[in-house]
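Take a look at the structure set out below.
The values are calculated or read from the model by the stated rules, or taken from the named source; none is laboratory data. All values derive from a computational prediction rather than experimental measurement. Here the Cβ positions follow ideal geometry from the backbone for every residue, glycine too, while neighbour counts run over all protein chains shown.
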């Protein structure tokens, strides 16, 4: 079998950040890394689950709702995938920043946490989720579209 695109990226060379994982026609897959791959610290399942609910809810209710195809966690528990259509890279960065700010400040009942709405409705941790989004939120403050390319982070010329 062919190796999928995300397995062809050297995970030892990048850390917390937002990257373009692949482009398929008009759909862009963004790699949203919240912790360094293989860094020994991973997002707990309850926190990841809560971030998923809040990130997806915010993104699908944002000004970019028509551009959001999918928001979902990575199985390795280092971040999320965001799939968009017809959304500029600048606006994708804005969407992730705004979404993670929303998570960091969220109070109240987490959307979609009833037995009817979720397959694991009891496994959530809002306090951890609010903390876990902060490193990426800080990293994205001065992020530019050229930084979405993995190779930008490998270069010493910036």
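One table, with the values for the structure above:
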| quantity | calculated |
| --- | --- |
| Residue list for the stretch 9-18, filter: farther than 19 Å from residue 40 by Cβ and exposed (fewer than 10 other Cβ atoms within 10 Å of the Cβ) | none |
| Number of positions in the stretch 106-134 that are under 21 Å from residue 95 (Cα atoms) and in a loop (DSSP other than H, G, I, E, B) | 6 |
| Total residues in the stretch 56-75, condition assigned to a helix (DSSP H, G or I), farther than 15 Å from residue 32 by Cα and out of contact with any helix residue (DSSP H, G or I) (no Cβ under 7 Å at 6 or more places or on another chain) | 5 |
| Criterion: in a strand (DSSP E or B), closer than 19 Å to residue 33 by Cα and modelled with pLDDT of 95 or more - qualifying residue of 95, 137, 83 | 83 |
| Condition check for residue 114: touching a residue at least 24 places away in the same chain (Cβ under 8 Å) and either surrounded by fewer than 16 Cβ atoms within 10 Å (Cβ to Cβ) or within 17 Å of residue 18 (Cα to Cα) (or both) | no |
| Selected residue (criterion: farthest from residue 112 (Cα to Cα)) from residues of the stretch 16-46 that are assigned to a loop (DSSP other than H, G, I, E, B) and in contact with a helix residue (DSSP H, G or I) (Cβ under 8 Å, 6 or more places away or on another chain) | 16 |
| Filtered residues of the stretch 34-46 (kept if closer than 14 Å to residue 11 by Cα, surrounded by fewer than 22 Cβ atoms within 10 Å (Cβ to Cβ) and in contact (Cβ under 8 Å) with a residue 60 or more places away in the chain) | 35 |
| Answer from 49, 153, 53 - the residue that is assigned to a helix (DSSP H, G or I) and within 18 Å of residue 14 (Cβ to Cβ) | 153 |
